[in-house]
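Have a look at the structure below before the remarks.
The values are calculated or read from the model by the stated rules, or taken from the named source; none is laboratory data. Quantities reported herein were computed from a predicted structural model and do not represent experimental measurements. In this analysis, Cβ positions are derived from the backbone assuming ideal geometry, glycine residues included, and neighbour counts consider all displayed protein chains.
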Amino acid sequence: MSDVRGSRLFTDLNNIFRKDLSIDEYDVIPVTEPVHNKSPLVVIEHKLGVELWCIPILYQYAYDKLLSWRARDGTEKFLEPGEVCNLCRAVLLVNPECYTVWNIRKECVENGDLTVDEDLKLGELILTKHPKSPETFIHRRWLLQRLLNKSLLSSNDSNHSNSSVESSELLVGVDGISVNFLPTNQNTCSNNHILPKQIDRNLHRTVHHEFDICLRAAEHYACNYNAWSHRIWLIQAAFNSAVQVLLSEFRTTVTWFTQHVSDHCGFHYRQFLLKSLINQSQAVSCKFHVDVNDLLNQEFDKTTDLIGTYPGHEALWYHRKFVLHQIIDEIKTKKDQLRETLSKDNGIDLKRSRVESERQQLLEKELNLVSNKELLSCDKRECELANRYIVWIKRMLSL
Amino acid sequence: MKLFSLSVSYKSPDGKVQQLKSAHELSSFGYFQRGSIREFMEFTSKIIVERTAVCSRASVKEQDYICHVSVRSDNLAGVVIADHEYPQRVAHTLINKVLDEFTSKISKQQWPVLKESEVNFTTLPDYLQKYQNPKESDAMTRIQSDLDETKIILYNTMESVLQRGEKLDDLVEKSEGLSTQSKTFYKTAKKTNSCCVIL
């Protein structure tokens, strides 16, 4: 009985996807038992809704069939590749954490039964219902890596006379992707013509769309670590942490953070951007005339401002700690550089103590600021957070 | 931070509550959830106004949502439903402003008799949009002067607002404003402890 219903539901689902190519959202409708004699799968304005009662039936049917095919022991010894893909889709829509099934999809992609774009589209649909599904993000990274490798490979092919090292090849791909990221900057890469234009453009579009997907997932599920770490991966893998991308991300995401003041994962992403910029601080100042210290100070002021406006959010205080710590680290680096340049000079002690006192002054100023403002706040939670921060500063001072 | 709903209602002296106007911003919810969520927001607003004394303000927390309510001495009430990030004082400033404007547009005598469809007051959606970003609205600067000395009572759960012997589950079951689908929605969400549902 249930087998018959299962196969009917499965056929219905496939028909829906065949008829409507632009389904962009998927959800479960809370209907616990069949109430009317209509299909429990509905499509309204390209949104797919599945009634709750039919999900176990559909899932059981698709999962059993797929796994029995996979084990090559049951009755399902031979299945059309298209059928396999469809079964995978049915299983994953219900349970995207099923890694075996994602692996079957990977095999389908490798065998050419499924295009990368199709698979990316399924992942996108799944993320509308399961915005933090880690397996979905992992599978997307695999797909995107495949696209990136392909693009690099073709750039190598057209460029095989040039026997330059692999790392510089990677950079070519990077600059090729990110050319119109910052419209104002001077185009620093002159050799991006090596990339075949068509592939380059497709990849460009896909990667940019991926940023949107991350943001949407982060919007739908607060503190979505998986979405933000996926974005970090994108920056590293697709753009090789190129300075211009980092800077542009740093500027464009600022609005998001002022509107999600309790989302620590979002702040963590910003901290990643800041750290990467600090690591490449020389490139930042040479090519883009931006001083990393200015960025740090701006971020610090922004955080102080947000704390004043929206009291009681721990994530903001953590971010404040991070930024202050980075500022102090920068002072230390300055100190080390001074020590190197002045090692033979006898004015060394004087200079070193000056840097030392700069750090001291900064911390004391911060201590006063917080004691006179947030510590006196009438919000109990805010007081508690400010107190913890002060304890932290005092410990830094005693170091 | 987000504002989801803004509504004005009339609480008659015998404790009955009639909604006069409401606006919702539910684009961040799934397409198939919006209908039920809207019903639940109206249901919650009504319950909370019913249980808030005249001349008082309250903010009721429920999961990630906060329901801000104010009932004035002339029985006019305003409710804002926002997420937990939205500053409480701004929400109450918004209620004040909306209630003042409502009073100036619609005369007091009409409040007890008007039905929701007959109320000619169209600025709620604009307010809802404008106040999505509390920094851009003029609220931040006006807060100090605007909010009178009425204390805002804080409740940490919906249950603590209810009167003795009342249970939320029963109220949901009995409610006429909720469709069967929304009631199932409430039950399944409660069972799976889903985070995407109000209440």
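Summary of values
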{"read-out": "Any hit, the range B:50-73, residues being under 23 Å from B:Lys174 (Cα atoms), assigned to a helix (DSSP H, G or I) and within 16 Å of the chain's Cα centre (by Cα)", "value": "yes"}
{"read-out": "Output for the range A:35-63, where each listed residue is farther than 14 Å from A:Gly6 by Cβ and in a loop (DSSP other than H, G, I, E, B)", "value": "A:Val35, A:His36, A:Asn37, A:Lys38, A:Glu45, A:His46"}
{"read-out": "Top-ranked residue in the range B:170-180 [being closer than 13 Å to B:Gly35 by Cα and touching a helix residue (DSSP H, G or I) at 6+ places or on another chain (Cβ under 6 Å); ranked as farthest from the other protein chains (Cβ to nearest Cβ)]", "value": "B:Gly177"}
{"read-out": "Test set (1) part of a helix (DSSP H, G or I); (2) modelled with pLDDT of 95 or more; (3) not acidic (Asp, Glu) - B:Lys46 fails condition number", "value": "(2)"}
{"read-out": "Hits in the range A:92-121 (condition: out of contact with any Ser or Thr (no Cβ under 9 Å at 6 or more places or on another chain), buried (at least 18 other Cβ atoms within 10 Å of the Cβ) and part of a helix (DSSP H, G or I))", "value": "A:Leu93, A:Val94, A:Val101, A:Ile104, A:Arg105, A:Cys108, A:Asp119"}
{"read-out": "Count of residues meeting criterion [surrounded by 17 or more Cβ atoms within 10 Å (Cβ to Cβ) and part of a loop (DSSP other than H, G, I, E, B)] in the range B:85-113", "value": "5"}
{"read-out": "Looking only at the range A:23-34, and only at residues there that are within 23 Å of A:Lys121 (Cα to Cα) and in a loop (DSSP other than H, G, I, E, B), the one that is farthest from the other protein chains (Cβ to nearest Cβ)", "value": "A:Ile23"}
{"read-out": "Condition met for B:Asn156 (surrounded by 12 or more Cβ atoms within 10 Å (Cβ to Cβ), farther than 16 Å from B:Ser22 by Cα and modelled with pLDDT of 85 or more)", "value": "no"}
{"read-out": "Residue satisfying condition, being in contact with a His (Cβ under 6 Å, 6 or more places away or on another chain) and acidic (Asp, Glu), within set B:Asp64, B:Asp74", "value": "B:Asp64"}
{"read-out": "Residue selected from the range A:21-55 under the condition without any contact (Cβ under 8 Å) to a residue 40 or more places away in the chain, farther than 25 Å from B:Lys187 by Cβ and under 29 Å from the mean Cα position of the chain (by Cα), by the criterion surrounded by the fewest Cβ atoms within 10 Å (Cβ to Cβ)", "value": "A:Ser22"}
{"read-out": "Members of the range B:26-85 found to be within 14 Å of chain A (Cβ to nearest Cβ), without any contact (Cβ under 8 Å) to a residue 40 or more places away in the chain and not charged (D, E, K, R), listed by number", "value": "B:Leu26, B:Ser27, B:Ser28, B:Tyr31, B:Phe32, B:Ile66, B:His84"}
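Residues are listed down the side, and each one gets a yes or a no for (1) in a helix (DSSP H, G or I); (2) surrounded by fewer than 19 Cβ atoms within 10 Å (Cβ to Cβ); (3) modelled with pLDDT of 60 or more; (4) more than 23 Å from the chain's Cα centre (by Cα):
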| site | (1), (2), (3), (4) |
| --- | --- |
| A:His139 | yes, no, yes, no |
| A:Asn149 | yes, yes, yes, no |
| A:Ser154 | yes, yes, yes, yes |
| A:Glu169 | yes, yes, no, yes |
| A:Val172 | yes, no, no, no |
| A:Gly176 | yes, no, no, no |
